[in-house]
Amino acid sequence: MIIHFFRRMAVSALFLGTIFACDARADEFSLTGTWTLQSMVFVDEATGKATKDFGEHPKGYSIYAPGGYLSVVINAEGRQPVSATSDHAAEQRAQLLTSMVAHAGPYRFSDGKMVLKIEVAQDPRAVGTELIRFIKVIDNNQLEAATPITDLGNGKRVKIVLTWHRVA
């Protein structure tokens, strides 16, 4: 019976030690550096269905500067330049704006939550707002960043999950 008690205590201590080690690691984790986008998934709130609205292989970078500033650019897969002689140049330019995300400003990070105060963005409606990402550290060079549920403006409410890999 005493042995059983000590085994339970040892397992409990191991379990709690793992939790505290993970928490300590998350608190000590630094976002500083350059990250390249590995995937971008939109998860529908109503159905749970995951889609890749920016394609299978979107391109993007997040640069977290040591002074607490962040700059992000994400391009959907398959973007093409607009020909100056195209009869549909205006429509093609508009399409390019909907197939990218770009924003920058100061950020803060604690307790697994990154908050960016957007000062510049490709969409002027975002300027002056705060963007929240819940950060899940996979390892020192890979992380997952998820938004809270977001209304895309077309009646669709989604959580956007981005996987990033540190390159520098």
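Quick look at the numbers
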| quantity | calculated |
| --- | --- |
| Of the criteria (1) without any contact (Cβ under 8 Å) to a residue 40 or more places away in the chain; (2) open to solvent by 40 Å² or more (accessible area, probe 1.4 Å), which one Phe109 fails | (1) |
| Subset of region 34-80 [in a loop (DSSP other than H, G, I, E, B), open to solvent by 20 Å² or more (accessible area, probe 1.4 Å) and not small (Gly, Ala, Ser)] | Glu45, Thr47, Lys49, Lys52, Asp53, Phe54, Glu56, His57, Pro66, Glu77, Arg79, Gln80 |
| Evaluation of His88 against (1) farther than 18 Å from Leu37 by Cα; (2) open to solvent by less than 60 Å² (accessible area, probe 1.4 Å); (3) over 16 Å from the mean Cα position of the chain (by Cα) (one fails), failing number | (2) |
| Failed item in (1) over 18 Å from Leu31 (Cβ atoms); (2) touching a residue at least 24 places away in the same chain (Cβ under 8 Å); (3) in contact with a Phe, Trp or Tyr (Cβ under 7 Å, 6 or more places away or on another chain), with Ile160 passing the rest | (1) |
| Checklist (1) in a strand (DSSP E or B); (2) surrounded by fewer than 14 Cβ atoms within 10 Å (Cβ to Cβ) applied to Ser83, failing item | (1) |
| Leading residue by the ranking (nearest to Glu45 (Cα to Cα)) among those in region 112-137 that are open to solvent by 80 Å² or more (accessible area, probe 1.4 Å) and touching an Asp or Glu at 6+ places or on another chain (Cβ under 7 Å) | Lys136 |
| Any chance Ala102 is over 23 Å from Ser30 (Cβ atoms), in a strand (DSSP E or B) and without any contact (Cβ under 8 Å) to a residue 40 or more places away in the chain | yes |
| Residue list for region 138-166, filter: open to solvent by less than 60 Å² (accessible area, probe 1.4 Å), in a strand (DSSP E or B) and either more than 14 Å from Asp53 (Cα to Cα) or touching a Cys at 6+ places or on another chain (Cβ under 6 Å) (or both) | Gln142, Leu143, Glu144, Ala145, Ala146, Thr150, Thr163, Trp164, Arg166 |
| Exclusive hit being under 16 Å from the mean Cα position of the chain (by Cα) and at pLDDT below 95, set Asn140, Asn154 | Asn140 |
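The values are calculated or read from the model by the stated rules, or taken from the named source; none is laboratory data. Because the structure is a prediction, the values reported are computed rather than measured. Quick reminder, even Gly has a Cβ in these numbers, built from the backbone with ideal geometry, and neighbours come from all protein chains shown. Note: accessible area is taken over every heavy atom of the protein model, side chains too, but ligands, DNA and RNA are not part of it. Shrake-Rupley method; radii C 1.70, N 1.55, O 1.52, S 1.80 Å.
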